[in-house]
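Here the structure is laid out as structure tokens; the discussion comes afterwards.
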Amino acid sequence: MNYIVFDLEWNQSGYGKENDKVRKVMPFEIIEIGAVKLNEHYEELGQFHRYIKPQVYKELHYMTKRIVHITKEELANGVEFPQAAADFFQWCGEDIIFCTWGSSDLTELQRNIRYFHLEPISSGPFMYYDIQKFYRLLYDEGKDVRTLHYAADYFHLEENLKFHSALNDALYTAQIMRHLDMPKVKKYYSFDCYWIPSCKEEEIYAVFDTYSKYISRGFETREEMLADKEVNSMKCYICGKKCRKKIRWFSGSGRNYYGLGICKEHGYLKGKLRVRHSENDMYYAVKTLKLVDEEGAAKVKDRQNKLRQKRREKRKKETKNQDS
């Protein structure tokens, strides 16, 4: 198996109602693809690079001009996206896994593929390596999100190439991979969910060393999704047994829900349920469960109490405003 370490640069539309429909389907148009192919020993096998002539957002946005290092002449001499995509996937070959710095490049690649009516990468979720996440797990305890430049500085890489160039950023990402303990972190692979499971049989169940992840199929409404037995269940990822809910799922900030279960054999499980909206206007859930100690369980209860207090204060304020 080979690793395809790739990076994209893209342009975006200006403001105006005339761009609203296109922006909703494809907010960013890819203008550069850069990639490095590595073998199983992380040795370089080849490089890929294409400039892409814009077909949709033909004028470079001021933010794009500020960040990327691409001239109008280079874009004018580039190939159109369908040709660039065909060249890229032919170069990738078979038996590969994509590696990116963060998750956004895969999303935008697939949005562009869909916009130009090309063959999709996959019909459902697929596994990839998020090198940014790997770095975070090893050096930031899984908390801080670091830039590629930050990680390159951390490893004292020779920074003789400009950042925010697709091929250069792919080369930096490949160098960082060689500095990581990949056997230790690659078991924490990610799933791209641009296309979600289409039926119950395709739903994703993944068990890692310290947590489990479940990705549901799509539902027409949020309420239908939250009522689904599999979505709102809690099962111990070690023994597979159903857990008793100590704290039922409650709504947190944004689109997240939290809960607490207890396994008779293995103790407390902290749950987080993310409500997502797919590209084909369906609701789906990404649920993670993690074993925690008494302190971790208390934090879930504390979160619930704080949210309840905040809502009580909000209601009091609204009542007071209505009475005045």
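The values are calculated or read from the model by the stated rules, or taken from the named source; none is laboratory data. Quick caveat, the model's predicted, so the values are computed rather than measured. Side chains included, ligands, DNA and RNA excluded: accessible areas come from the protein's heavy atoms. Shrake-Rupley method; radii C 1.70, N 1.55, O 1.52, S 1.80 Å.
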statement: Restricting to Cα pairs under 8 Å and 6 or more apart, the percent relative contact order of the chain works out to 14
message: My understanding is that a pair violates if its Cα-Cα distance is over 29 Å; which of LYS21/LYS143; LYS133/LYS290; LYS235/LYS299 do that in this structure?
response: LYS21/LYS143
query: What is the distance in Å between the Cα centres of the stretch 69-99 and the stretch 188-243?
result: 34
field: Karplus 3J(HN,Hα) series, Hz, for the stretch 251-261 with 6.51 cos²θ - 1.76 cosθ + 1.60 (x for Gly, Pro)
entry: 6, x, 7, x, 9, 9, 10, 10, x, 9, x
field: 3J(HN,Hα) from dihedral phi, the stretch 209-216, Karplus parametrisation 6.51/-1.76/1.60, rounded to Hz, x for glycine, proline
entry: 4, 10, 6, 10, 9, 10, 10, 7
- request: Quick one: which residues, 5 or more positions from CYS263 or on another chain, have an amide H under 5 Å from its amide H? H modelled 1.01 Å from N in the peptide plane, none for Pro or chain starts.
  value: TYR268, LEU269
task: Quantify, in whole percent, the carbon and sulfur part of the accessible surface of the stretch 142-191 (1.4 Å probe; protein heavy atoms only).
output: 50
query: Hey, what's the per residue convex hull volume over the C-alpha atoms of the chain, in cubic angstrom?
result: 189
query: Whole-Å semi-axes of the stretch 230-324's equivalent ellipsoid, largest first, each the root of 5 times a Cα gyration tensor eigenvalue?
result: 30, 20, 9
message: For the chain, what does the helix formula give at 222 nm: sum of -39500 (n - 2.57) over DSSP H segments with n ≥ 4, over the residue count, nearest 500 deg cm²/dmol?
response: -10500 deg cm²/dmol
- prompt: What percentage of the solvent-accessible surface of the stretch 1-61, computed with a 1.4 Å probe over protein heavy atoms, is contributed by carbon and sulfur atoms?
  reply: 48
- prompt: How much accessible area per residue does the chain have, in Å², with a 1.4 Å probe?
  reply: 56
query: Where the centroid of each part is defined by its Cα atoms, how far is the stretch 278-299 from the stretch 122-173 in Å?
result: 25
- request: Mind listing the long-range amide H neighbours of GLY78? Cut-off is under 5 Å, sequence gap 5 or more, other chains count too, H placed in the peptide plane at 1.01 Å from N.
  value: LYS53
query: GNM, the chain, Cα, under 10 Å: largest mean-square fluctuation among HIS156, HIS179, HIS277?
result: HIS156
Karplus 3J(HN,Hα) series, Hz, for the stretch 166-183 with 6.51 cos²θ - 1.76 cosθ + 1.60 (x for Gly, Pro): 4, 5, 4, 5, 5, 5, 4, 4, 5, 5, 5, 4, 5, 8, 8, 7, 4, x
